[in-house]
Amino acid sequence: MNLGLPEKLAALCRELDDPAFVEQASAVGGAELLDRLRAGRSPHPERELDELNRLFEAADGLGFYPAAQRGYGPLPGARGAAGAARWWNCPDGRCSGHGLVWRGQPTPVCEITGAELVARPLTP
Ligand SMILES: [Zn+2]
C-alpha cells in the first residue's frame, strides 16, 4: 500500500457526504473512530484511518480507500505501460471512476452524471 495520509484523508472526506457510509461505520464498529477522525481529535489519524478501513474490509471485503491506489498495477507483460499508468477519474468526484486507462480505449462516462471521465496519473 503506497497511499499517503493526504490520499487516505481525501478518501474518507469523499465518503462522509454519504449517509450510508456513516451508518455502515457504526454497523462495523467504527463509530467512535469515525467521530474522532471527523472532529480532528485523533492523536494518530493515519493509524485510525487504517483501522477504520480495515473494519470496512473485514465486514464486506471493501475498504473505502480508492481501488486505484490499493497497490494494484498491471502485471508484467500486461497491455498498457506501467510506468505511465493512468486511471479514469470522475471529474466531479461522484463515482469511483473506471480503472486503468488503455491505449485507444473510448473515454468512459460517469455512471451518475454522464460526464466524460478524466485520465490522471496514479500518483497525483
Ligand atoms: Zn462519476
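Since every read-out is calculated from the coordinates, none of them should be taken as a lab result. Since this is a predicted model, take the numbers as computed values, not measurements. Heads up, the Cβs are rebuilt from the backbone with ideal geometry, glycines too, and the neighbour counts pull from every protein chain shown.
General remarks:
- Amide hydrogen proximity for Val109: with H placed 1.01 Å from N in the peptide plane, the residues at 5 or more positions away or on another chain lying under 5 Å are Leu117.
- Judged by the mean number of other Cβ atoms found within 10 Å, the most tightly packed of the peptides 38-44, 107-113 leads the ranking 107-113, 38-44.
- Per-residue ³J(HN,Hα) for the stretch 57-63, Karplus 6.51 cos²θ - 1.76 cosθ + 1.60, θ = phi - 60°, Hz, x for Gly and Pro: 4, 5, 6, 9, x, 10, x
- The phi-based Karplus calculation (6.51 cos²θ - 1.76 cosθ + 1.60; θ = phi - 60°) puts the 3J(HN,Hα) values of the stretch 17-26 at 6, 9, x, 5, 5, 5, 4, 5, 4, 5 Hz, whole numbers, x for Gly and Pro.
- Dipole of the stretch 5-65, positive end: most advanced residue of Pro19, Pro43, Gly29 [Cβ charges, Cα centre]: Pro43
- Under 5 Å, built H, 5+ apart or other chain: amide partners of Trp87: Val101, Arg120, Leu122
- By the count of other C-beta atoms within 10 Å, a proxy for reagent exposure, Trp102, Trp88 are ordered fewest to most as Trp102, Trp88.
- Compared with the alpha-carbon gap, the fully stretched path from Arg94 to Ala58 is longer by 10.5 nm at 0.36 nm per residue.
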